[in-house]
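Report on the following structure.
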């Protein structure tokens, strides 16, 4: 081993995409046939489009799950309405949600001085 080198392999990471998770998820869902995808399909599509997500780090998948369940712009489409708690449901983008928010642009803030 050369002096000053650690035993760990050094590698270059791909740059992180300049988009929020919300924007990435909306991008892949809107590009899908039928404009709906299952969670595994969303994760696969994001990692296929952006090499940054193809490495060993897996925490970003939790961020995708969190964004799907906590943002009102995403709607769950039940695979079987008789089993609402079942896994494997589809996710879609709510067509009535303001497009600016989906693209990652924050909504304008309302200030008492803006009237």
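The values are calculated or read from the model by the stated rules, or taken from the named source; none is laboratory data. Note that the structure is predicted; figures quoted are calculated from it, not measured. Glycine also receives a Cβ, built like all others from the backbone with ideal geometry; neighbour counts cover every protein chain displayed.
For the stretch 52-69, give me each residue that is exposed (fewer than 15 other Cβ atoms within 10 Å of the Cβ) and in contact with a strand residue (DSSP E or B) (Cβ under 9 Å, 6 or more places away or on another chain).
Matches in the stretch 52-69: 69 only.
Which is touching a helix residue (DSSP H, G or I) at 6+ places or on another chain (Cβ under 9 Å), surrounded by 12 or more Cβ atoms within 10 Å (Cβ to Cβ) and at pLDDT 95 or above, of 39, 49?
Testing whether each residue is touching a helix residue (DSSP H, G or I) at 6+ places or on another chain (Cβ under 9 Å), surrounded by 12 or more Cβ atoms within 10 Å (Cβ to Cβ) and at pLDDT 95 or above leaves just 39.
Of 84, 72, which residue is in contact (Cβ under 8 Å) with a residue 24 or more places away in the chain, surrounded by fewer than 13 Cβ atoms within 10 Å (Cβ to Cβ) and outside any helix (DSSP H, G or I)?
72
Taking the criterion of being surrounded by 15 or more Cβ atoms within 10 Å (Cβ to Cβ), on the phi < 0 side of the Ramachandran plot, touching a helix residue (DSSP H, G or I) at 6+ places or on another chain (Cβ under 7 Å) and modelled with pLDDT of 75 or more, would at least one residue in the stretch 1-15 satisfy it?
Among the residues of the stretch 1-15, not one is surrounded by 15 or more Cβ atoms within 10 Å (Cβ to Cβ), on the phi < 0 side of the Ramachandran plot, touching a helix residue (DSSP H, G or I) at 6+ places or on another chain (Cβ under 7 Å) and modelled with pLDDT of 75 or more, which makes the answer no.
Report the residue count in the stretch 88-106 for those that are assigned to a loop (DSSP other than H, G, I, E, B), modelled with pLDDT under 80 and closer than 22 Å to residue 33 by Cβ.
So the answer is 3.
Quick check on this structure: which one of 61, 79 is under 11 Å from the mean Cα position of the chain (by Cα) and either part of a loop (DSSP other than H, G, I, E, B) or over 17 Å from residue 31 (Cα atoms) (or both)?
It is 61.
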